[in-house]
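See below for the structure under consideration.
Throughout, read-outs are computed from the coordinates displayed, never taken from laboratory work. On a predicted model such as this, the values are computed, not experimentally measured, just so you know. Reconstructed Cβ throughout: ideal geometry from the backbone, glycine too, with neighbour counts over all protein chains shown.
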Amino acid sequence: TLSHILDGSVAQVLADVPYIAVSDGAAYGLKVGLVWADSPTRVGNYKRLCPISELQSLLDDSGVTLFSLRVEKFKHDLLELSEGDNLINLANSLCDFGDTTVTVGALDLVLSLDVFVLHLTGATAKPAWGLIFRPTGFLSQTECDESPWHPMLRLCRQPEPGEWATMISRVGKDSVALSDGG
């Protein structure tokens with residue numbers, strides 16, 4: 001028996017642990033939160049809404065897992081995307097701002113319209129890319145890529161009002177580079 005081989009000495013068995021390391025986020029790769037719509041009751045929301053179909057290309061990178069942070073009416077838009085292992089709908093898990101804050105804290109990056117989640121992410125000093133529609137508002141300035149309010153925030157802008165494809169393509173390429181460690 002093992003105890004006979006070790007001559008009954010438990011001290012020889014004690015190991016320096018951990019001897020198996022698990023990479024943080026190994027199961028998900030780059031963990032990216034996603035908000036593509038504002039509150040359905042906000043005036044002018046139709047200008048701020050990024051059609052969910054524009055985001056399908058973000059699901060094509062196996063090194064990125066998207067976590068939907070959208071609750072309320074637009075959470076059902078996800079049904080339009082070809083859901084796979086790299087799209088996780090958190091709508092039923094986010095009941096209040098506290099839940100959203102904890103979730104954002106566990107992510108590597110948040111992609112969001114200029115809505116509450118983007119500012120929450122900035123306030124927690126987590127990296128975020130703001131999907132900024134045109135015309136822009138006061139908080140997202142006019143042409144700069146940085147935010148004076150949140151230093152971890154990068155502003156990605158539509159080239160023209162209502163034109164999301166170019167911006168989403170650039171965001172997709174940049175997220176692939178980020179997931180590859182670039």
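Given a Förster distance of 22 angstrom, what is the FRET efficiency for residue 173 paired with residue 62, based on the Cβ-Cβ distance and rounded to 0.05? Step by step, r from the Cβ atoms, then E = 0.90. With both labels modelled 7 Å from their Cα along Cα-to-Cβ, the residue 124 to residue 97 distance reads 1.3 nm.
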